[in-house]
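K.L.:
Below you'll find the structure I mean.
Every read-out reported here was derived from the displayed coordinates using simple, explicitly stated rules and does not represent laboratory data. This is a predicted model, so every value here is computed, not measured. Using ideal geometry, Cβ is built from the backbone for each residue, glycine included, and neighbour counts are taken over all protein chains shown.
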Amino acid sequence: MTKVLTDARSIRIKGRSFLAVVLSPDLPLDQWLERLDDLAARSAGFFLDRPVVLDVSELSIKKAELKQLIDDLAARKVRIMGIEGARPSQLTPEMPPAMKGGKPASDVEVTAQEPETEAEAEVAAVVSPAPQRQEAPQVRAIPQSLTIDEPVRSGQSIIFPEGDITIVGSVASGAEVIAGGSIHIYGTLRGRAMAGSIGNSNARIFCRRLEAELIAIDGIYKMAEDMDSSLRGHAVQLSLEGETIMADILF
Amino acid sequence: MGKVIVVTSGKGGVGKTTSTAALGAALAQRNEKVAVVDFDVGLRNLDLVMGAERRVVYDLVNVINGDAKLPQALIRDKRLDTLFLLPASQTRDKDALTEEGVERVIGELKRYFDWVICDSPAGIEKGATLAMRHADVAVVVTNPEVSSVRDSDRIIGMLDSKTLKAENGERMEKHLLLTRYDSLRAERGDMLKVDDVLEILSIPLLGIIPESTDVLKASNLGAPVTLSDARSAPAQAYFEAARRLAGEIVPVTVPGEKRGIFGKLFGRKAA
Ligand SMILES: Nc1ncnc2c1ncn2[C@@H]1O[C@H](COP(=O)(O)OP(=O)(O)OP(=O)(O)O)[C@@H](O)[C@H]1O
Ligand SMILES: [Mg+2]
């Protein structure tokens, strides 16, 4: 039994992952900024063009101090794309947005380039539009899989752009699973599942029981209310044919 | 060393404070030393439910700040001399709690008491995360309705990631306490079924507490329901849950079902 779930004019929502540089300042801030200046002097333009996340989870400072810190960084041409670990009371709407759920990656190395003279280095840091910098470390692209042995709880996201995800358990309402490849759920899918999230139209979603809030393959998505009600509660396989999500009831 | 229990839920008003007091008094009646700790700084309730509101001198925040020693802040129950309350401050907010302060107070309580039961505030912010941080065991209080179940699911995720146990790679022991269970509404199908809640949350069942006016009566009297009316249905259900917490294997009574072999679900556990 195969049902057509999508019309041809769906909107595509794609995932994109970047490797961000994380700055975790410590107190006192003026000393930390001094060390940052020192680093910038040795590696001109390191922060230019890089997504930078400010991690303040270990830092107990007030809203005004956080704002000052962001300004101090801006004055050094370090633009913050998001803030991690802040309390809501520390944030204002003008600040970069709060971010969470980031996955740790290996340390980013800063290559020291010996400046000829101090003055020259400073110019390089401020002016150089195409800074010399080390290539961002590559996330290895060999096909991989991730197996999760417990239920995915409401509010949790499992994100694995590198390959398939297998969940031995259920995915709760308000939880999400995002895979570069296929998604296998040996339990009930109540939350969201997004397969082929970095552009893979061959990815599929399997679940032992479909109660999903949202499913997506390669950016083509379907909300709960758009799904055929006869699929609910069944073991289902979802795949993409052209721009159309197809659903098969398994056994 | 005593065991630290956090009574938590995510959603507000589901019966955390009622359950903290009732389980605390039930365990104390087994002659074990129990401290119940109010973490709901700014919205304290546990003192009222325990009938100790006029005896509060120092509170948790005072002990954390070093303004008072722990024994000065602990209030011994008038009816049970193995039961103690550490009240919350009503005039401060959750920011007055510090990670190190809470760790020190819990560490000290564990040395004196068999059970340290922390009444968590609702929500997933600082108050709730600090209340669960040092726990060995979590009692997840849930009402049989979808919003409460989803919030509990969220809290279980935090128990498995944000607690010291989780960070040390150990597993937090979690129990589901289903409260305000109305057997008439369950029969009519207006409420989630016990099995559905267990299937969604997949943690073992500690007990099912019936919806009952005895709970309100008890809190108006300023007594945990397991002290004010030990024979009432909610008190019996809390006694049963307390025995299970203490490690006994007791079948779960489902309110409204006939007693006897058919009314009992032996060894009921989540899948
Ligand atoms: N089994 C029950 N039967 C009837 N009423 C109940 C029952 N359990 C709790 N209640 C009532 O529900 C209300 C909320 O209970 P309680 O204060 O224990 O919840 P809480 O989870 O601590 O709330 P908060 O999140 O605000 O701290 C109270 O009025 C209480 O009397
Ligand atoms: Mg309460």
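K.L.:
Which net charge results when you count Lys and Arg as +1 and Asp and Glu as -1 among the other residues whose beta-carbon is under 12 Å from that of residue A:206?
P.N.:
With Lys, Arg at +1 and Asp, Glu at -1, the net is +1.
K.L.:
I want the local charge near residue B:45. Using Cβ-Cβ distances under 11 Å, sum +1 for each Lys or Arg and -1 for each Asp or Glu among the other residues.
P.N.:
Cβ neighbours under 11 Å give a net charge of -3.
K.L.:
Sort region A:144-249 into rounded, prolate or oblate with this rule: let a ≥ b ≥ c be the square roots of the eigenvalues of the Cα gyration tensor; rounded if a/c is under 1.5, and if a/c is not under 1.5, prolate when a/b is larger than b/c, oblate otherwise.
P.N.:
Verdict is oblate for region A:144-249.
K.L.:
Also: Length gain on complete extension for the stretch residue B:67 to residue B:166, per 0.36 nm per residue less the alpha carbon to alpha carbon distance?
P.N.:
Difference between extended and current length: 32.5 nm.
K.L.:
Next up: Quick one: net charge around residue A:181, please, counting Lys, Arg +1 and Asp, Glu -1 for every other residue with C-beta under 14 Å from its C-beta.
P.N.:
-2
K.L.:
Quick check on the exposure proxy: order A:251, A:160 from fewest to most C-beta atoms within 10 angstrom.
P.N.:
Ascending Cβ contact count within 10 Å gives the list A:251, A:160.
K.L.:
Sticking with this structure for a sec: Ordered by residue, what ³J(HN,Hα) values in Hz, to whole numbers, does region B:116-128 give under the Karplus form 6.51 cos²θ - 1.76 cosθ + 1.60, where θ = phi - 60° and Gly and Pro are x?
P.N.:
Residue by residue, region B:116-128 yields 10, 10, 9, 7, 7, x, 5, x, 10, 8, 3, x, 5 Hz.
K.L.:
May I pose another question? Which ³J(HN,Hα) values in Hz, rounded to whole numbers, follow from the phi angles of region A:213-226 under the Karplus curve 6.51 cos²θ - 1.76 cosθ + 1.60, where θ = phi - 60° and Gly and Pro get x?
P.N.:
7, 7, 10, 8, 10, 6, x, 7, 10, 8, 8, 3, 6, 8
K.L.:
OK, next. Rounded if a/c is under 1.5, else prolate if a/b is larger than b/c, else oblate: which is chain B, with a ≥ b ≥ c the root eigenvalues of its Cα gyration tensor? Could the numbers behind the result be given before it?
P.N.:
Values: a/c = 1.73, a/b = 1.38, b/c = 1.25.
It comes out prolate by the Cα gyration axes.
K.L.:
Quick one: angle between helix B:146-159 and the longest Cα principal axis of chain B, in degrees between 0 and 90, rounded to 10, please.
P.N.:
50 degrees
K.L.:
Holding the Cα-Cα limit at 22 Å, pick out from B:3/B:162; B:16/B:69; B:69/B:94 the pairs that are longer than that. Numbers along the way, then the final one.
P.N.:
Values: B:3/B:162 19 Å; B:16/B:69 27 Å; B:69/B:94 20 Å.
Too far apart for the 22 Å limit: B:16/B:69.
K.L.:
Another one. Which order, highest average first, do B:202-212, A:198-208, B:7-17, B:185-195 follow once you tally other Cβ atoms within 10 Å for each residue and take the mean per peptide? Don't skip to the end; give the middle numbers.
P.N.:
Working: B:202-212: 22.2, A:198-208: 19.1, B:7-17: 23.8, B:185-195: 14.4.
Packing proxy ranking, top to bottom: B:7-17, B:202-212, A:198-208, B:185-195.
K.L.:
Another question, if that's okay. Can you give me the distance in nm between label points at residue B:31 and residue B:217, each placed 7 Å from the Cα along the Cα-to-Cβ direction?
P.N.:
3.0 nm
K.L.:
Continuing with this model, one more query. For Cα pairs less than 8 Å apart in space and 6+ apart in sequence, what is the mean separation divided by the residue count of region A:144-249, i.e. the relative contact order in percent?
P.N.:
18 percent
K.L.:
Let me know the mean shielding of A:159-172 by other chains, meaning the per-residue number of their Cβ atoms within 10 Å of its Cβ.
P.N.:
1
K.L.:
A further question on this structure: At what distance in nm do the modelled label points of residue B:195 and residue A:248 sit from each other, each positioned 7 Å from its Cα along Cα→Cβ?
P.N.:
3.0 nm
K.L.:
While we're on this one: If you average the alpha carbon positions of region B:1-15 and of region B:208-256, how far apart do those two centres end up, in angstrom?
P.N.:
16 Å
K.L.:
While we're on this one: So what is the relative contact order of chain B, in percent, for Cα pairs below 8 Å that sit 6 or more residues apart?
P.N.:
On the way: 583 pairs, mean separation 63.7, N = 271.
Worked out over chain B, it gives 24 percent.
K.L.:
While we're on this one: Enumerate the amide H contacts of residue A:245 below 5 Å, restricted to partners 5 or more residues apart or on another chain; note that Pro and chain-start residues carry no placed amide H.
P.N.:
A:5, A:6
K.L.:
Residue A:64 versus residue B:100, label points 7 Å from Cα toward the beta carbon: distance in nm?
P.N.:
2.5 nm
K.L.:
Here's something else I'd like to know. Just to be sure I understand: of the beta bridges DSSP finds with both ends in region B:3-246, what percent are antiparallel, rounded to 5?
P.N.:
5 percent
K.L.:
Read phi for every residue in region A:195-212 and hand back ³J(HN,Hα) as whole Hz from Karplus 6.51 cos²θ - 1.76 cosθ + 1.60, θ = phi - 60°, with x for Gly and Pro.
P.N.:
My calculation for region A:195-212 gives 9, x, 6, 10, x, 9, 7, 8, 5, 10, 10, 10, 8, 6, 8, 9, 9, 5 Hz in order.
K.L.:
Need one value for B:157-165: mean number of C-beta atoms belonging to other chains within 10 Å of its residues' C-beta atoms. Don't skip to the answer; put the middle values down first.
P.N.:
Working: counts 10, 3, 1, 4, 2, 0, 0, 0, 0.
The shielding value for this peptide is 2.
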